[in-house]
Ligand SMILES: [Zn+2]
């Protein structure tokens, strides 16, 4: 490896570190997105199921209402018939019997009408819930699709950034002889993407955070050869 290529390699190293961070951010964001989508879709299904149950309840109540209304109307017809019949009856015993029957019919009609009233009250309540649930669900879906849009946009931006950095790395790579680059790449793999380590605070290796012996620092300052950190084995670089 040639010393003059180290600044270029250091630049590539920064790009690679940035690339890895962006790739991780992309994976994390994607996982978060999938989790978000799954949870919200489950909730939407649940809300839709609640609405379906309410729809069924409402339908049943309406059927019950209709059934009772039909009964009431046929009982009323019967009552009218008996009213007419009552006008023609002379026999007191028969008249009494008819009167009792008419009372009985009236009682049945009253009971059914009370039931219809209860059904109407229940229907009113269910209809209220139904329209509230519907409204809630459509608002929820609206918010959900906005969130989806936001996630998609963020993922797209990260993808574009990753692509740009990759292109930049490829461009910079061309300026380094192949053999040197392979050596650098190999060291990058071994040293968790930090093959080259800057000297910070005048004497500390940034890679392993240990102070460097004076003899190493002197060799480094001469800038004649490539100097490795005796502790972590990274190529050392000192800004001039
Ligand atoms: Zn070190």
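General observations
- Area projected by the alpha carbon convex hull of region 197-240, averaged over all directions, nm²: 2.5 nm²
- Value of D in µm² per second that Stokes-Einstein yields for region 1-131, Kirkwood Rh from Cα pairs, at 20 °C (1.002 mPa s): 97 µm²/s
- Using alpha-carbon coordinates, inclination of helix 92-173 to the longest axis of the chain, degrees: 10 degrees
- Note that region 47-101 shows a convex hull volume over its alpha carbon atoms of 53 Å³ per residue.
- Secondary-structure-derived ellipticity at 222 nm for the chain, considering helices only, amounts to -29000 deg cm²/dmol, per-run term -39500 (n - 2.57) for DSSP H runs with n ≥ 4.
- Region 125-172 and region 1-69 have Cα centres spaced 8 Å apart.
- The angle separating the long axis of helix 178-190 from the principal Cα axis of greatest extent in the chain is about 60 degrees.
- The calculated P(r) of region 113-171, using every Cα pair and 10 Å bins from 0, goes 19, 19, 17, 14, 12, 9, 6, 3, 1 in percent.
- Calculated over the chain: convex hull of Cα atoms, volume per residue (Å³): 182 Å³
- If R0 is taken as 22 Å, the Cβ-Cβ distance between residue 136 and residue 62 corresponds to a FRET efficiency of 0.45.
- Sites residue 127 and residue 93 - FRET efficiency at Förster radius 51 Å, r taken between beta-carbons, to 0.05: 0.50
- Convex hull volume per residue in cubic angstrom - Cα atoms of region 124-240: 194 Å³
- Principal-axis tilt of helix 6-88 within the chain, Cα atoms, nearest 10 degrees: 0 degrees
- Spacing of the two label points (7 Å from each Cα toward its C-beta) at residue 210 and residue 154, in nm: 4.0 nm
- Relative contact order of the chain, defined on C-alpha pairs under 8 angstrom at six or more residues apart (%): 29 percent
Laboratory data are not the source of any read-out in this text; all were calculated from the coordinates shown. Not measured: the values here are computed from a predicted model. Cβ atoms come from the backbone with ideal geometry, glycine included; neighbour counts cover every protein chain shown.
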